[in-house]
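Participant: Dumping the structure here so I can ask a few things about it.
Read-outs throughout are calculated quantities, based only on the coordinates presented, and are distinct from any laboratory measurement. Computed from a prediction, not measured in an experiment: that's the story for all the values here. A quick note on method: Cβ atoms are made from the backbone with ideal geometry, for glycine too, and the neighbour counts reach across all protein chains shown.
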Amino acid sequence: MNLKSLIRKPMKRRLFLCGVGFLIVGFIIIIFNIEQYDEDVIYKLLPSMLTIIISILSSLLILIINFINPKSIENYRNFCAYVHTPFEEDLNNQLKGNIEKIDRFIFTDNWVIILYTFSVKVFNANDIIWTYKSRITDNISCIPLANNTYLHIHLSNRKKIAVDVNIANSDILIDALFRRAKSGYFGYNNKLRKRWLYDKTNLIKDIKSSKQLIVVN
């Protein structure tokens, strides 16, 4: 297992949807042309066929550049929430050792990988600033449909990751992050929320200098 292999499935899904989208557009144009014209149908269909051919070639080119033979971490920037240079070699080495899989997370000694349907996010556990979970109820016309559990992870590069997780795994995931982080707040309160919104720089500086794991009640 390595980063390239983890990116493979999301990349294929993206390319598949891209190709399907272009095909749908092409067929819509074909149908429109057939309804509008009774003669020279082949001539009228040429733009549609060219659209389909270009979409297929574009998808293959993206596949070759970003998936088959990635030559540097630049190719991973669209898939990773955080780039820790040189992160790829260290991450791949740790993936060969003991790893822990929980929900859509993969944990190595220092790295955390989150697998999404169309992307992969990677960050170093040492860069965690603040982590907490929340329960959100989805509503349509004031009718509650489902309660979703989210894990919110704030990083020292000022990025925030919100991940929809199984409620049964939420505390297990927080514990796994806690065991790997060197510092950070774990838990929610309004004071931390305001500091992240309005005083983010000093919050990051304070937690990095303190080098403490702080549980917030």
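Participant: What pairs in LYS4/LYS200; LYS101/LYS194; LYS4/LYS205; LYS160/LYS208; LYS160/LYS182; LYS160/LYS205 have C-alpha atoms more than 26 Å from each other?
Facilitator: In this structure, LYS4/LYS200; LYS101/LYS194; LYS4/LYS205 lie more than 26 Å apart at Cα.
Participant: Within the set of other residues whose C-beta is less than 10 Å from the C-beta of LEU115, count the net charge using Lys and Arg as +1 and Asp and Glu as -1.
Facilitator: Value of the local net charge: +3.
Participant: Normalised by the residues of the stretch 84-127, what does the relative contact order come to in percent, with Cα pairs under 8 Å and at least six apart?
Facilitator: Relative CO of the stretch 84-127 lands at 26 percent.
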